[in-house]
1. How tilted is helix 2-18 with respect to the longest principal axis of the chain? Cα atoms for both, answer in degrees (0 to 90, nearest 10).
2. Please state, rounded to one decimal and in Å, the Kirkwood hydrodynamic radius that the stretch 249-373 gives when every pair of distinct Cα atoms enters the mean of 1/r.
3. Could you list log10 I(q)/I(0) for the stretch 35-86 at q = 0.17, 0.18, 0.23 Å⁻¹, which the Debye formula gives when each Cα is one point scatterer?
4. Cα axis of helix 394-405 to longest principal axis of the chain: angle in degrees, 0 to 90, nearest 10?
5. For residue 311 and residue 231, FRET efficiency with R0 = 41 Å and r from the beta-carbon atoms, rounded to 0.05?
6. Using the number of other C-beta atoms within 10 angstrom as an exposure proxy, rank 161, 259 with the fewest first.
7. Kindly put 114, 351, 345 in sequence by how many other C-beta atoms sit within 10 Å of each C-beta, fewest to most.
8. Say each of residue 365 and residue 124 gets a label point 7 Å from the Cα, pointing the same way as Cα to Cβ; how far apart are those two points in nm?
């Protein structure tokens, strides 16, 4: 009997030490082998027994073995009542729709972007597990923010399974969000490139943006064996497209540099085999553009001229210039640790402005929503240099970095 009591006591102490509140609301298991937050949660799924669970995820929520978190939780006998999906959801993969049959799958994209009244009436805990790209305009950040805010306001436990940063974990750049330009493609009060894991971001949002007074509602399941400066490829997580046009690791790293082109009349490569890795238009002079961009001597990347013809491939966004030959450039990353997507994006926009008379902003200045401000557009039109633009935003970036540092877990 004494041995049993001692074992129970040690078990309670063990899990008490694993769960932290406040700015380090995290669960950590000591191990040298890398594990995603979802793998750590599955190893400790007893924490969820006898609870009604809702999961926010998409196809990217897998472990190193390729098993989806939801599949693993079901295998462990966890009672999943609802599945909520961000933009793109599970709709393009019948495998998961069949595997998760019998569980309500609710989209959080379109008119409904967060929980509605009644969605969580029978839910004890919400679990978030999505691979993001650590950029504000990737809409999963808005899904995280809105659902976390709702959960905190309604006193619901919210667990974030942490995942690696695909690009650079130390890179912070871009304009802070001006609330006047807030939208679903830019909702969180961070720079465009915020350099945080989803767990770190959740803590920042909970305690800086939402200003949660209850430090026990948010829990982050920390990764094991993670180094924010390590190459994502070394973690051996099977690649799953994080969204239809993010088709590999290099694409995921270049995307933050080319997404601003969505606010222009220049193709960002949708409808080709290299989305967000090449860009151009029928009226672009590739050689002139290449020559102009090479004057910037941008570190970590190389440009090469290319031609491409976008096709309609069933994407949720209709590609620009379908069935038209486009001329432009392809980006190859030579050293991702030196690659600076914000500086590259400015150089590309300035070079297009300089070499392409037909270049223009589109979508009622959609670029302002992507940038979170109208200043980027105005600076490009005024032909400010990269150094001048970076200098203009340096003070607000430094203030953000001070706040960010409080929530870094690795």
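1. Approximately 20 degrees, to the nearest 10.
2. Taking the inverse mean of 1/r over all distinct Cα pairs, the stretch 249-373 comes out at 14.4 Å.
3. Values returned for q = 0.17, 0.18, 0.23 Å⁻¹ are -0.47, -0.52, -0.86.
4. So the inclination is approximately 20 degrees.
5. Approximately 0.80, to the nearest 0.05.
6. 259, 161
7. In increasing order of surrounding Cβ atoms, one gets 114, 351, 345.
8. The modelled label-to-label distance comes out at 5.1 nm.
Since every read-out is calculated from the coordinates, none of them should be taken as a lab result. Keep in mind the model is a prediction, meaning the values are calculated, not measured. All Cβ positions, even for glycine, are placed from backbone atoms using ideal geometry, and neighbour counts span all protein chains on display.
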